[in-house]
Amino acid sequence: MVASPFGGGEIPSAHSMTSPINSQELYARYLELQQYVGWTDEDAHRVQSVAAALEPQLPALVNDFYDEIDRHPKARAVITGGQEQIQRLKGTLLQWLRELLHGPYDAAYVARRWRVGWRHVEIGLDQVYTAVALSRLRRGLLQVHECMSGANPYEFAATRRSLNTLIDLDLAIIEDAYQTEFNSREQRAQRLAAIGQVAGGIAHELRNPLNVVKTSAYFLLNAKSPAPAKVAEHLERIERHISRADGVITALSSFAKMPVPNLRPFSVRQCVEEALESNPVSNRVKVVIDCDVSLPSALADINQIRIVFGNLIRNASDAMPDGGQLDIQGKLDGDKVAVIFSDRGVGISPEDLNRIMEPLYSTKARGLGLGLAIVRAVLDKNKGTLHAVSALGQGSAFTVKLTAAIA
């Protein structure tokens, strides 16, 4: 373990650090960057030729560096070990500057630079402080170099360019490490958040049938001398909703695995009614179903489509908090069965309408942003489509189109 030269904390050694790329890949990238900026062995020789003259001034540069950190609370905040840690950091920075001047600029050198950026993510140091830290060190080195006398003007300017290029390369590899680790952490955090939201979505899909089972079980446990027909009715409800919950789990599990759906003809009206039973709307919402008896069956996976209809019914009900009417119309549209869910609710803005089917995007204050994304994904698998139109203050209409099971 070594200390980070630009902030607090310890940097893991190369063999102990979990890194998205190995040292050889790092070095190959560094060589590519060298080629890009035109760094040559001659540049390395120029820097190394003035190293002995610059080195006596390095302790002063290090002291100036940490004196300046003391004047900036946000940078100083990551140094939590007091003066003992600062002295250790000063020694690390001094060694870092000596390596900068002497080299060799090999794979081990690059790995040590890369770990600086990696560690800054660990300790929570804003990357901007690394950039200005190197700027301050660059300024100090160049000022010391300016005081050197007797140098050929051409060689003096060339050495100055080589020093600048070398520091730029160090900064590039440090920033690359910082961005790589920062992005990796962001992606892990997003995946964990998505897992939690998906879990919440599954719980929402299961809650309604479980509530039905609970109420029927309560009736059977507490009713005094219920009629046999009533007992049979509640037992049938329990069985039906347990099957429905199992269907939700199976459908969502299958959705996650992306298998081919079980495409079978089914009655659209029946599926709508089952979705309504599992997803009851507010008492203030009136539901009008218009599915002609001549409407052909749809060809899709009924368990998955029931989830689609349930999501659209819940969304329509939520869009009418003060009540209204939900019209569900089924009609034949060429070789498709179109099912239109029209509400008279608050409507959706044009900006939101373009994004409402994106995963994790929601217009609801407490929404998960998964419902319409699942709807669209399920319909894609079932060779169906979803189209939405809306006007603020007037309502929305979502049209599901499924293949008609026409002989």
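A few comments on the model shown:
- With respect to being in the same structural domain as residue 392 (by TED's automatic domain parsing), of a type outside the set (A, V, I, L, M, F, W, C) and closer than 24 Å to residue 393 by Cα, residue 304 falls outside the description.
- Subset tally (residues that are over 28 Å from the mean Cα position of the chain (by Cα) and at pLDDT 50 or above) for the stretch 9-39: 13
- Of all residues making up the stretch 390-407, the number that are modelled with pLDDT under 90 and of a type in the set (A, V, I, L, M): 5
- Members of the stretch 137-161 found to be among the basic types (Lys, Arg) and surrounded by fewer than 15 Cβ atoms within 10 Å (Cβ to Cβ), listed by number: 139, 161
- Note on the stretch 307-340: residues that are free of Cβ contacts under 8 Å to residues at least 40 places away in the same chain and assigned to a helix (DSSP H, G or I) amount to 2.
- Complete set of residues in the stretch 118-148 that are more than 17 Å from residue 66 (Cα to Cα), of a type outside the set (Phe, Trp, Tyr) and at pLDDT 75 or above: 142, 143, 144, 145, 146, 147, 148
The values are calculated or read from the model by the stated rules, or taken from the named source; none is laboratory data. The structure displayed is predicted, hence computed values, not measured ones. When we count neighbours, we look across all protein chains shown, and the Cβ atoms used for this are built from the backbone with ideal geometry, even at glycine.
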